[in-house]
Every structure is written in C-alpha cells, then in structure tokens.
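Reading through the structure tokens given below for one structure.
The values are calculated or read from the model by the stated rules, or taken from the named source; none is laboratory data. Remember, predicted model here, so these are calculated numbers, not experimental data. Please note: Cβ atoms are built from the backbone with ideal geometry, for glycine as well, and neighbour counts cover all protein chains shown. For accessibility, only protein heavy atoms count, side chains too; no ligands or nucleic acids. Shrake-Rupley method; radii C 1.70, N 1.55, O 1.52, S 1.80 Å.
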Amino acid sequence: QVQLVESGGGLVQPGGSLRLSCAASRSIFFMNAMAWYRQAPGKQREWVAGITWSGITNYADSVKGRFTISRDNAKNTVSLQMNSLNPEDTAVYYCNKTQLTGYDYWGRGTQVTVSS
C-alpha cells in the first residue's frame, strides 16, 4: 500500500521550532532519496530539503542553517527539524521522494503556521 503520512505541524511564534515527521510505505522509501517540500498559499510547491539513502543532505538556500533533515531507514521515516522559524516558512509541508515523475502519490501534508 502506497502511503505518506506527515505530522508535527502547528502554530508557532517567529523564532520558534517544530519537528515534522513523515511515515512512508516501503515502496516509496526503500533505497530512495527522500525530501521535504512545501506549498505556501498562492504559490507552487517547492523543494525544501533532501536526504539520500546513505544520509547525504542538501537544503534550499532559504532554510539552510535553520532546518535539518534526517531519516530512519529501519522505520521508513524522514524528519525535518525546523528552527528559527519565520512567517515566510508558513506552508503545508509534504514529504516524498526526491526523484518525482509527475505522477506521484502525495500525502495530505502538515500545516505549519508561523505567526505572532
């Protein structure tokens, strides 16, 4: 069964932190590079951070130094630690493979709202 379940979002004040988690089905997760994406209101979905199967990470410039992506290959999970959040980080956050085909399954995402 194909599955992506994101969790951990919420309302946080500027400067605060959140930790997002994603539980993926093995068919999506196994041996694939995984990523976090986000979609802000009125904008296209954008890539935020990626991690290879072996743990090599890379980040969008807008989150570099503030966000940390990690994965647990035994549990088929990928996480995103987000620090120093600002209102521009407000979006629905999704996880998925790094290599997308355009016909990919997407989960429901988790809403992150940064506001005072």
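This table checks each residue for (1) more than 12 Å from the chain's Cα centre (by Cα); (2) within 19 Å of PRO14 (Cα to Cα); (3) surrounded by fewer than 17 Cβ atoms within 10 Å (Cβ to Cβ).
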residue	(1), (2), (3)
ALA74	yes, no, yes
LEU85	yes, yes, no
GLN111	no, yes, yes
SER116	yes, yes, yes
Query - ALA49 being free of Cβ contacts under 8 Å to residues at least 40 places away in the same chain and within 22 Å of GLY15 (Cα to Cα) - result: yes
Query raised in the report: Taking into account only those residues within the range 16-44 that are under 16 Å from ASP89 (Cα atoms) and basic (Lys, Arg), which is surrounded by the fewest Cβ atoms within 10 Å (Cβ to Cβ)?
Result: LYS43
Report task. Looking at (1) open to solvent by less than 30 Å² (accessible area, probe 1.4 Å); (2) farther than 15 Å from LEU20 by Cβ, find the lone condition where GLY102 falls short. Result -> (1)
